[in-house]
Amino acid sequence: MPSKVVVIDYGSQVTQLIARRIREAGVYSEIHSCAVGAAEVAAMEPGAIILSGGPASVGEPDAPSLDPGLLEIGVPILGICYGMQLLAGELGGTLARSLTREYGPAELTLTAPSPLWKGVEERTRVWMSHGDRVTAPPPGFVVTGRTPTLDIAAMADEKRRIYAVQFHPEVHHTERGEPMLRNFLFEVAKLPADWSMASFRERVVREMAEQVGDRHVVCALSGGVDSTVTAALLNEAIGRRLHCIFVDNGLLRLGEAEEVSGYLREHFDLDLVLVDAADRFLSRLAGVTDPEEKRKIIGRTFIEIFDEQAGRLPRVDFLAQGTLYPDVIESVSHKGPSAVIKSHHNVGGLPETMQLKLIEPLRELFKDEVRKVALEMGMPDSIVHRHPFPGPGLAIRVLGEITPERLRIVREADRIVQDVLRESGWHGKVWQGFAVLLPLRTVGVMGDGRTYDHVVALRAVESVDAMTADWARLPHEVLALMSSRIINQVKGVNRVVYDISPKPPSTIEWE
Ligand code: XMP
């Protein structure tokens, strides 16, 4: 295992960023709920611990507290924001409550040397988001930084290797946040930078080969980068004892099934079945307009087909899934699972009678890290940088009734959106970009004639994890190109509109 930094999550909106910055510096990092006990953390053998920020007030009823055992583990600790206040409260400093929050930039002045400050100028801009403040440091601590409104903006006890900052070094608005975190990792904790996608690939392939032994694994391919990388890693680990099933539900993008399955077949010695089930899906969806009903039909039909196909394989013990780290954190967060807004269909709902154990090689990775593994494995750009695509596919992008003709329109429009995004260099800058066919018709004029045709809506969003998103500020020329090509080339469309709604309150998909 690579060395590891454990981040204890006290509920800040930006806790994930801490883990990301650490990994970007080449050190593996995991987030754990603040409900985890010190003994459990010690068993993880961390090389350092970071206490995150959080919205609570230390000492308030229900406020998460610091497990003092964490301080006994003997590894360096960095408290950020609420983490700093917890350290101050626990170690004998004093705190002041505040009803107002300081939010935004502040100028930090370094007031005493600290290894965290190596290479950082005496005055530097930091990002604050806090209410309470430390008014006296605990015994043994030196105040190492202040701002115009905070006498104690940073403090350190070098003997015990405990450091604390009131601001957020993990956000980009803190100008020198990155060197500060790197200093904590490399100057204080003296960790090796041993987290790379090459070492990850080598380790998971070895671990999966050991875990599976001479048994068999089944994997559902969706066309996306996550399941493609999952299958490729397993193929490296166990060869043809991995069995892949790719269900073409008739709701995929133009050429998607062929592109991904063709690539895998060409480059890997893979047992892959491509099931053409378009008719079964489309006949069951005929006349259905309710989005949740569509999802349920697609989910049920998928499971039925997967079950049929799996029944034709030799005895299988494992189901491989492309679960990513944000899904894992979401399910362990002390805040509890977030409310289900849409019932997302995935293979998690397979019949229990199949009794398969899960194998999830990507559960440690963020999406951008999965893409790095894909690059490391030599996958082409069209697979590495494929935008996320919903399980129910184009069914939830054809609003209202799904017919072959309406699917054709959305498919052709989508292809133009993808092409223009790539040609303009915007494909890699947006999280997702796609076309939606609206369930209405509007009047237009073509040549001398009146038309009464379909409307296509364009959606392109920026996001880091799809939990929140904002509409992408695509240049007018890019939108103009999409619009003119769609209207000119896609038969039956006479109007194109652009969706300028953020999530929340909208969602990324329209259904
Ligand atoms: P929403 O529309 O909820 O989408 O903002 C968030 C992300 O999830 C994708 N999405 C789905 N993925 N099954 C999936 O596997 C679904 O039913 C589904 N609905 C939305 C969406 O494309 C976006 O990336």
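The values are calculated or read from the model by the stated rules, or taken from the named source; none is laboratory data. Predicted, not measured: the structure shown is a model, and the values here were computed from it. Note that we place each Cβ from the backbone using ideal geometry, even for glycine, and neighbour counts take in every protein chain shown.
Values as computed for the structure displayed
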| item | result |
| --- | --- |
| One residue from Ala277, Ala237 being within 20 Å of Glu304 (Cα to Cα) and among the small types (Gly, Ala, Ser) | Ala277 |
| Residue within region 265-279 that is assigned by TED's automatic domain parsing to the domain that holds Met377, crowded, with 20+ Cβ neighbours inside 10 Å and charged (D, E, K, R) present | no |
| Conditions (1) outside any helix (DSSP H, G or I); (2) over 30 Å from Ile329 (Cβ atoms); (3) away from the ligand (no atom under 16 Å from the Cβ): number failed by Leu458 | (3) |
| Strands (runs of 3 or more DSSP E) (entirely within region 62-131) containing at least 3 residues that are surrounded by 12 or more Cβ atoms within 10 Å (Cβ to Cβ) | 77-80, 102-110, 123-130 |
| Cβ-Cβ under 7 Å pairs, at least 6 apart or on other chains, region 432-452 side in contact (Cβ under 8 Å) with a residue 40 or more places away in the chain and outside any loop (DSSP other than H, G, I, E, B), far side among the acidic types (Asp, Glu) and crowded, with 16+ Cβ neighbours inside 10 Å | Phe434/Asp414; Ala435/Asp414; Gly444/Asp453 |
| Filtered residue count, region 408-427, keeping only those that are under 14 Å from Arg386 (Cβ atoms), of a type outside the set (S, T, N, Q) and buried (at least 18 other Cβ atoms within 10 Å of the Cβ) | 5 |
| Residues that are surrounded by 15 or more Cβ atoms within 10 Å (Cβ to Cβ) and away from the ligand (no atom under 16 Å from the Cβ), drawn from region 467-490 | Leu474, Val478, Leu479, Leu481, Met482, Ser483, Arg485, Ile486, Ile487, Val490 |
| Filter result for the condition that a residue is modelled with pLDDT under 95 and part of a strand (DSSP E or B), over Ile31, Ile8 | Ile31 |
| Criterion: within 16 Å of the ligand (Cβ to nearest atom) and either on the phi < 0 side of the Ramachandran plot or surrounded by fewer than 17 Cβ atoms within 10 Å (Cβ to Cβ) (or both) - qualifying residue of Val493, Val464 | Val464 |
| Positions within region 294-325 being within 15 Å of the ligand (Cβ to nearest atom) and part of a loop (DSSP other than H, G, I, E, B), in sequence order | Gln321, Gly322, Thr323, Leu324 |
| Considering residues of region 376-399 that are touching a residue at least 40 places away in the same chain (Cβ under 8 Å) and not in a loop (DSSP other than H, G, I, E, B) only, the residue surrounded by the fewest Cβ atoms within 10 Å (Cβ to Cβ) | Ser382 |
| Selection from region 132-151 of residues that are over 20 Å from Pro76 (Cα atoms) and assigned to a strand (DSSP E or B) | Arg133, Val134, Thr135, Ala136, Arg146, Thr147, Leu150, Asp151 |
| Scan of region 461-511 for residues that are of a type in the set (A, V, I, L, M), under 15 Å from Val436 (Cα atoms) and in a loop (DSSP other than H, G, I, E, B), ordered by number | Val490, Ile500, Ile508 |
| Flag if His168 is surrounded by 15 or more Cβ atoms within 10 Å (Cβ to Cβ) and more than 30 Å from Leu87 (Cβ to Cβ) | no |
| Count of residues meeting criterion [basic (Lys, Arg) and in contact (Cβ under 8 Å) with a residue 40 or more places away in the chain] in region 420-431 | 1 |
